[in-house]
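To start, the structure under review is shown below, and the notes come after it.
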Amino acid sequence: MKTTCIVPDSPYLSVEELSAATGEPAERLQELRSLGLIRPDAGERFAPEDIERVRLVQFLERRQIPFETIARGERDEAVLTSVVDFLYPRGIGRRYSLAQAVDIVGLDADIARRVRDASASSDEPMNERDVRMLEEAKVALDAGFPEAALLRLVRVYAETLGRVAEAEVRLFHFYVHEGLKATGLAGHGLLEGTKAVRNHMLPVVEPMIRYFHHRGLARSLRDDMLLHLTANRARRADGDPPTQLQLAIVFLDISSYTPITEVMGDAVAARIIVRLSELVRETTMRFDGRVVDRIGDAFLLVFPEPRSALMCALEIERRTAAEPQFPALRGALHWGDLVYQEGGYVGGSLNIASRVATEAKPHQILVTAAARGEVLGLSGVRFTALGRRQFKGLVKELELFEVRSDDVPGAERARDPVCGMETGPTEAAARLVVDGREATFCSEKCLRVYLEAPHRYWT
């Protein structure tokens, strides 16, 4: 429900003012009151916190949660009160309309509205923090920072720190709240237990965010030096500011992720992704690259030049191949133009790299001719020409190469025909000889699945 924020002059609200501020009819507010979800004082006045309570109820109702269930959650675990008290420990304070805020800040109303839109909060009532954010935006604009750049930066802040906040809340719930429940705590005891842990953690959150932000700045400033000192300078793309760069693009994914999730289940797949993510992030940082995105088992990495990208991809493949009971990795490397946009990249070169990656076989890293031409004379690797391939959605054929490291190959590993997991000589859970050939299974579950329909897995 989209509502217009109407800000009363008094910090207290009548039922009519609360209705106007939230869009809820007075009769519905009386129902919320009877359930204990909003709480007027003795003079039948509501506090600004009740606006937030109603909005939380509206959110839960949109998720098909009945009033009675919300009321029970409030009685048993103070679900509304804990959220409001956590977000506004000193009270919500005064609310502002956009017109009041821009009058205080001295910012053009249209610009303020665009900043609010970029921060994904345009429909929310404004408080003191919102006004301060607009003041800080005005400082940046007055200093000469272009509005277009500011709006992009605001979107990056909102999206990235939103993900940080989501991780904080989710992990706290999974590991602390559910952990305390598992010990038998419930009701008031559970509420006090979670609050005690939370209060110990809160003082470290902002220092940790500042610490990692500083580390990120250090790496980004290092990369920025390259733009000043090399021929790979930012270029204009179709009249936009100079945001186009030549970068090495690496796509990596697991060659058998779908059968692993279907046969072994999401929990096993999630553990594999956690370990793969550790390996990818550690190795990418060591080779001065950046993990731009991860979707499921697929990782997008970028590097300032192809040599480090190639060596990184080979090292990640080597490390995953040495992991016990782990699926095979595959990937692709391309060198081309990308446009930087709001913390990520867009451009046809991404499509090329992702298409080529889907062509790779287990343990195979494919390299386009554009990337191959930039790594001539690189020692310790060998290339095999694979000829030209036509890919769906791409106009031109691509000349591809397979790259392998000259390092001595590791121990022979067997591939489970059901889920694709690879095992070493001592890691197999079961073996089965079929028509003179041995099939190796990572688990008894995969063996059972195989025996139910062997024709699906062995040709």
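For a test of the definition: using alpha carbon positions, the gyration tensor, and the 1.5 limit on a/c, classify the stretch 58-157 as rounded, prolate or oblate. Display every interim value, and only then the final one.
Values: a/c = 2.87, a/b = 2.26, b/c = 1.27.
Because a/c hits 1.5 or more and a/b exceeds b/c, the stretch 58-157 counts as prolate.
Per residue, how large is the accessible surface of the chain? Use a 1.4 angstrom probe and give square angstrom. If you can, show how the numbers build up before the last one.
On the way: 26110 Å² over 459 residues.
Accessible surface, normalised per residue, equals 57 Å².
How would you classify the stretch 260-354 from its alpha-carbon gyration tensor, with a ≥ b ≥ c the square roots of the eigenvalues: rounded for a/c under 1.5, else prolate if a/b is greater than b/c, otherwise oblate?
Working: a/c = 2.16, a/b = 1.56, b/c = 1.38.
Because a/c hits 1.5 or more and a/b exceeds b/c, the stretch 260-354 counts as prolate.
With unit charges on the beta carbon (Lys/Arg positive, Asp/Glu negative), name the residue among 99, 84, 268 whose Cα is farthest towards the positive pole of the charge dipole of the chain.
So the residue furthest toward the plus end is 268.
Which of the three applies to the chain, rounded, prolate or oblate, going by the alpha-carbon gyration tensor with a ≥ b ≥ c and a/c under 1.5 meaning rounded? It would help to have the intermediate numbers written out before the result.
On the way: a/c = 2.71, a/b = 1.51, b/c = 1.79.
Oblate.
Enumerate the aspartates and glutamates that residue 195 could reach by cross-link, defined here as Cα to Cα under 12 Å, with residues fewer than 8 away along the same chain left out.
77, 85
Considering Cα pairs under 8 angstrom that are at least six residues apart, work out the relative contact order of the stretch 42-183 and quote it in whole percent. It would help to have the intermediate numbers written out before the result.
Values: 75 pairs, mean separation 26.2, N = 142.
Relative contact order here is 18 percent.
Run the simple label-point estimate for residue 63 and residue 103 please: 7 Å along Cα→C-beta, distance reported in nm.
Spacing of the two 7 Å Cα→Cβ label points: 3.7 nm.
Given the -39500 (n - 2.57) contribution per DSSP H run of 4+ residues, what per-residue ellipticity at 222 nm results for the chain, rounded to the nearest 500 deg cm²/dmol? Don't jump to the answer; show the numbers that get you there.
On the way: 17 runs with 228 residues, N = 459.
Mean residue ellipticity at 222 nm (helix-derived): -16000 deg cm²/dmol.
Angle between the Cα long axis of helix 147-171 and the longest principal axis of the chain, 0 to 90 degrees, nearest 10?
90
Could you compute the FRET efficiency for residue 211 and residue 405, with r as their C-beta to C-beta distance and R0 at 41 Å, rounded to 0.05?
Details: r = 36 Å, r/R0 = 0.87.
It comes out at approximately 0.70.
If the reach is capped at under 16 angstrom between alpha carbons, list the aspartates and glutamates near residue 138, excluding any in the same chain fewer than eight residues apart.
Hits, sequence-local ones excluded: 103, 108, 110, 117, 128, 130, 147.
Between residue 386 and residue 121, what is the FRET efficiency for a Förster distance of 41 Å, r being their Cβ-Cβ separation, to the nearest 0.05?
On the way: r = 51 Å, r/R0 = 1.23.
Efficiency at R0 = 41 Å is approximately 0.20.
State which entries of 361/445; 392/445; 361/396 exceed 29 angstrom in Cα-Cα distance in the structure shown. Walk me through the numbers on the way to the answer.
On the way: 361/445 25 Å; 392/445 37 Å; 361/396 22 Å.
Going by Cα-Cα distance, 392/445 fall outside the 29 Å limit.
The values are calculated or read from the model by the stated rules, or taken from the named source; none is laboratory data. Computed from a prediction, not measured in an experiment: that's the story for all the values here. When we count neighbours, we look across all protein chains shown, and the Cβ atoms used for this are built from the backbone with ideal geometry, even at glycine. Ligands, DNA and RNA are stripped out before the accessible areas are found, and what is left, the full protein with its side chains, is counted by its heavy atoms. Shrake-Rupley method; radii C 1.70, N 1.55, O 1.52, S 1.80 Å.
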